[in-house]
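The values are calculated or read from the model by the stated rules, or taken from the named source; none is laboratory data. Here the structure is a predicted model, which means the values were calculated and not measured. Cβ placement follows ideal geometry from the backbone for every residue including glycine, while neighbour counts extend to all protein chains displayed.
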Amino acid sequence: MNTKTIALPAAALLTLALAGCGTPAQSAPAAHGSHAIPVPSAPSTAGAAFNAQDVMFAQMMIPHHEQAVEMSEIVLAKPGLDGRVSSLAQRIKGAQAPEIATLRGWLDGWNQPSAMPGDAGHAMDGMLSAEDLGKLRAADARQASRLFLSQMIAHHEGAVAMAQTEKAGGSYREALAMAGSIVDSQTQEIGSMKSLLSQL
């Protein structure tokens, strides 16, 4: 595996997330922990409070999920792909694509930008470089199966770490529920992928 990741400290990522959070014209700031972030004057769809950690979780998880969907689409286009890998890629794509829409909906409801400033959203554990994605595209079905599993294991491990951070510091009920689901489902998939990788 040649997955290249850049791990930024959580505090640095939180600072970057907050740097892009402008206060809406009709919003009043509310303190959550040690950070003050804007709270929309109109209630969100769930009518629940959110904090800076919830914003960062959503902003980071969107590009993370988008890349997982992209990886799945790349490998699913390979003729002669192992059926077990195909099934896994379809499950990942089917689960994460709807979550992207949900995450964007939360950020819209909170009057927060959907992306972190600059390239911060891509500097996360498990994210693949353009070179890594190129290798996946260039590989034949057999090579791509092993490469996809290796890359996705690291990608899932990054998502689990992000979700655990959200569980520890978030306050938005639905975000906490999604984080818990990510920890459970992707931890299980990591085990399945490691087992499958050993068989290929």
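Does residue 150 fit the bill of being outside any helix (DSSP H, G or I) and hydroxyl-bearing (Ser, Thr, Tyr)?
For residue 150, the condition - outside any helix (DSSP H, G or I) and hydroxyl-bearing (Ser, Thr, Tyr) - is not met.
Being surrounded by fewer than 21 Cβ atoms within 10 Å (Cβ to Cβ), under 13 Å from residue 54 (Cα atoms) and touching a residue at least 12 places away in the same chain (Cβ under 8 Å): is that true of residue 173 here?
Numbers: surrounded by fewer than 21 Cβ atoms within 10 Å (Cβ to Cβ): yes; under 13 Å from residue 54 (Cα atoms): yes; touching a residue at least 12 places away in the same chain (Cβ under 8 Å): yes.
In short, yes.
Of all residues in segment 183-200 being part of a helix (DSSP H, G or I) and touching a residue at least 60 places away in the same chain (Cβ under 8 Å), which is surrounded by the most Cβ atoms within 10 Å (Cβ to Cβ)?
193
Using the structure shown, decide if residue 179 is more than 19 Å from residue 70 (Cβ to Cβ) and buried (at least 18 other Cβ atoms within 10 Å of the Cβ).
So residue 179 passes the test.
Kindly indicate whether residue 105 is among the small types (Gly, Ala, Ser) and in a loop (DSSP other than H, G, I, E, B).
Against the criterion (among the small types (Gly, Ala, Ser) and in a loop (DSSP other than H, G, I, E, B)), residue 105 does not qualify.
Restricting to segment 163-200, name every residue that is modelled with pLDDT under 95, of a type in the set (A, V, I, L, M) and farther than 18 Å from residue 91 by Cα.
Residue satisfying the conditions is 200 alone.
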